[in-house]
Amino acid sequence: MTLLQLKYIVKIVECGSMNEASHELYVSQPALSSSVKELEHEMGIEIFTRSSQGIALTVDGAEFLTYARQVLDQAELMEERYKHAKPRKQLCSVSTQHYMFAVEAFVEMINSIESDEYEFTIRETRTRDIIDQVANMLSEIGILYLSDFNKDVIGKLLRSKHLEFHPLFRAPLHVFISRNNPLATRKKVTMDDLKPYPFIQYEQGEEGSFYFAEEAVWPKDSPKLITVTDRATILNFIIGLNGYTVCTGIDNGDLNNEKIVTVPLDTDETMLLGWITNERANLSNAAESYLEKLKSVIASHGYTLIE
């Protein structure tokens, strides 16, 4: 086992594919694949599973990756101490459902980093992708919600992938609607009140089960349904088509408050927002910083953190 082989493993996980990693490492794909197989043989484990869909970390591979990163970090410290080498740039990757507070915290984390070099990634993506990316360690942290409806299914999936859910706060349900909507001045609205307007939901791919939906409740037999993939589109449709979507109620500067308002939804349902991580992983300093900023942002919006 060599440090170079460990660097190969880390880079493959960061890239998500052997082909992309070989390009970034300036190594041929056959040579990279051979090096990985030699390491697997030496360690007596299978680090990656290989299929027509690509590669993914095995359970043993996820644990091995944690140790590999620790060894590389220690090697870096030795080089800094004795060779005055340039420190590695800070890395952090987060996958999240489409929450403004998650992005706001990410911005604050980056502004607080005292480093000349860093490489950070935030992915606003589908629920199942969040889970898979954290399981495969493409992201250190994932942000999603649990409800009475989805907690058993999502919880079982998280356990099967050796992921842990850490609750952050519980949010009563709200809707985003246009300020020009006749319901905008209401203290509360019901799903029946909203029935004449287009319901906008985030697309969840082929596994678009209600258990993976970002919206904690849905209209019954909605005559007008729009599915989108990104947050900017959903906000534009709320304004341009007088649509609505179900949300936590947290907004920030990204929300055009002159055109969009947040109204409480008349329901007993709530969303338990939290973060997930791989139980075999140790968070980087940048990821720890992100969690601190995340909690600070949530508290600043008036929500009580779950300790």
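The values are calculated or read from the model by the stated rules, or taken from the named source; none is laboratory data. As the structure is a computational prediction, the values presented were derived from the model and not from experiment. Heads up, the Cβs are rebuilt from the backbone with ideal geometry, glycines too, and the neighbour counts pull from every protein chain shown.
Okay, residues lined up against (1) modelled with pLDDT of 95 or more; (2) within 18 Å of Leu144 (Cα to Cα); (3) out of contact with any Ser or Thr (no Cβ under 7 Å at 6 or more places or on another chain); (4) not assigned by TED's automatic domain parsing to the domain that holds Tyr67:
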position: Glu206; (1), (2), (3), (4): no, no, yes, yes
position: Glu215; (1), (2), (3), (4): no, yes, no, yes
position: Pro219; (1), (2), (3), (4): no, no, yes, yes
position: Ile238; (1), (2), (3), (4): no, no, no, yes
position: Asp254; (1), (2), (3), (4): no, no, yes, yes
position: Trp275; (1), (2), (3), (4): yes, yes, yes, yes
position: Ala281; (1), (2), (3), (4): no, no, no, yes
Practice task
State yes or no: is Asp148 within 27 Å of Ala21 (Cβ to Cβ), surrounded by fewer than 21 Cβ atoms within 10 Å (Cβ to Cβ) and not hydrophobic (A, V, I, L, M, F, W, C)?
Solution key: no
Handout entry: Enumerated strands (runs of 3 or more DSSP E) restricted to the stretch 21-107, each holding at least 3 residues that are at pLDDT 85 or above and not hydrophobic (A, V, I, L, M, F, W, C)
Key = 90-96
Exercise for the section: Among what's in the stretch 154-186 and is among the polar types (S, T, N, Q) and surrounded by fewer than 20 Cβ atoms within 10 Å (Cβ to Cβ), pick the residue that is nearest to Ala56 (Cα to Cα). Expected result: Ser160
Problem - So Lys151, is it modelled with pLDDT under 95, of a type in the set (Lys, Arg) and under 13 Å from Ala56 (Cα atoms) - result: no
Practice task
Being of a type in the set (Gly, Ala, Ser) and crowded, with 20+ Cβ neighbours inside 10 Å is the filter; apply it to the stretch 97-122 and report the residue that is farthest from Ala286 (Cα to Cα).
Solution key: Ala102
Problem - Counted residues, the stretch 289-304 - those being in a helix (DSSP H, G or I) and touching a strand residue (DSSP E or B) at 6+ places or on another chain (Cβ under 9 Å) - result: 7
Exercise for the section: Could you name every one of the strands (runs of 3 or more DSSP E) located completely within the stretch 123-212 that has at least 2 residues being closer than 30 Å to Ala286 by Cα and over 24 Å from the mean Cα position of the chain (by Cα)? Expected result: none
